[in-house]
1. Out of 96, 60, I need the residue that is in a helix (DSSP H, G or I) and either surrounded by fewer than 17 Cβ atoms within 10 Å (Cβ to Cβ) or in contact with a strand residue (DSSP E or B) (Cβ under 9 Å, 6 or more places away or on another chain) (or both). Which one?
2. Can we say residue 292 is modelled with pLDDT under 90 and closer than 27 Å to residue 45 by Cα?
3. When segment 173-186 is examined, which residues are found to be of a type outside the set (Asp, Glu), surrounded by 15 or more Cβ atoms within 10 Å (Cβ to Cβ) and within 18 Å of residue 151 (Cα to Cα)?
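The values are calculated or read from the model by the stated rules, or taken from the named source; none is laboratory data. This one's a predicted model, so the numbers in the text were calculated from it and none came from an experiment. When we count neighbours, we look across all protein chains shown, and the Cβ atoms used for this are built from the backbone with ideal geometry, even at glycine. For the accessible areas, the whole protein counts, side chains as well, though only heavy atoms, and no ligand, DNA or RNA atoms are used. Shrake-Rupley method; radii C 1.70, N 1.55, O 1.52, S 1.80 Å.
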Amino acid sequence: QVALLADEYCSYCQDILHSVEDCIMSFWKSLQPEATALMSLPDVCQLFTCYDRQLFKEMENLLLNDFLEDVSIQYLKSIRMFSKNVKVWLLNALQEFPLPLRKSKFKEVTVFVKRLRRKTYLSNMAKTMRIVLNNNSKVTVLKADLHAVIDQGFVDIHGNPFQKKFKDPDEVENDIELKCLNDLIALLDNSTDIRIFLNCLSSNLQAFVIEPSKSKEELRKVAADFQLRWNFLLTGVSKAMTLCRAVSFGSWHLFHLLLLEYVAHIFQSRLEEEADENLCVIEQSDSTVLLVHEPDHLLDSFAEQQLETKSPQPTAVTLTPSQSDDALSNIFFRVLSCLVDADTGSKLIQVMLEDRITKTSVKLDLPVGKEALVTLKDGQKFVICASDAQQISTED
């Protein structure tokens, strides 16, 4: 009886999904040419964008309002599949419609899909990390290993900044990523609730990054800079734990991934809220927001300004010293984001080179298929090349 009931309920769920698809297709196919022309006007597109955002927010709240809720892995997979299907259904329905209308709808449904993917990824990570935090022995070992690598100066960051005492607001502001990590480590002494950890991190980001930013552009820049330093700091801890063969490396690795993704989610969500608050301005050329870390869907940003449903080709980025290989040992190289020029459709890779010794850095946008010669202040020269992986495999 249970099996029969399960099959019946599965069919019921499929009927609901099909009804959504039918609703989308029937509405757009029923539009008369004059209605289509009217909906393609900029002001009308903007008006319906408000409706779209409200609709997608309600759908998101129904599907997964709180990513820390205890839901099954299968349910999370169903959410991701549904979000993908909604995007495909809408794009299929709009194939013959004017470009401005398609762009408007594509942008909003893409934001919806990415937001759900972030939340389902966070939910998966939080579920796994909660198991670690509920194990007293694992928490004890993790805490001991973190204190060991930090107190003994094994973390490869200049001046062992964990030992700094924050005496004035400016100093805290300059080292906010260190304060964030120190606060989280301190919480291991008296808490195993993952909500407390994430709320602590969120409060620090709100106080030291989001609130001081006076505009969306400033927030985008400050948030990207923080993410770069945050990733560098957490990676430094991971390297130290690897070299010390820390027993709790697996637990720390899970925590590391969760913290990276959560910070990206906080900033991304805030930028989306800023967009909601400024709907009176139509952003025709707004490209991807910061993507210093977006696991398993980084290359989705390539398709953000495209109206095709096919998957984008991956891109390989190579760094070569123009003189000797020894120069690479002191260089920190990071791919910050993948962008698409909305006007030309050209792919751009945003990268950063940082010399750990001289503490100098260079950031540049590199067109795919082009090479760039970069010279640091100390005279070191590097050639950076970004190529489509498909092109590389063909040439090989």
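1. Criteria check complete, one pass: 60.
2. no
3. Within segment 173-186, 178, 179, 180, 181, 182, 184, 185 qualify.
Yes/no matrix, rows are residues, columns are (1) out of contact with any Asp or Glu (no Cβ under 6 Å at 6 or more places or on another chain); (2) open to solvent by less than 10 Å² (accessible area, probe 1.4 Å); (3) part of a helix (DSSP H, G or I); (4) not polar (S, T, N, Q):
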| residue | (1), (2), (3), (4) |
| --- | --- |
| 87 | yes, no, yes, yes |
| 91 | yes, no, yes, yes |
| 102 | yes, no, yes, yes |
| 108 | no, no, yes, yes |
| 114 | yes, no, yes, yes |
| 119 | yes, no, yes, yes |
| 128 | yes, no, yes, no |
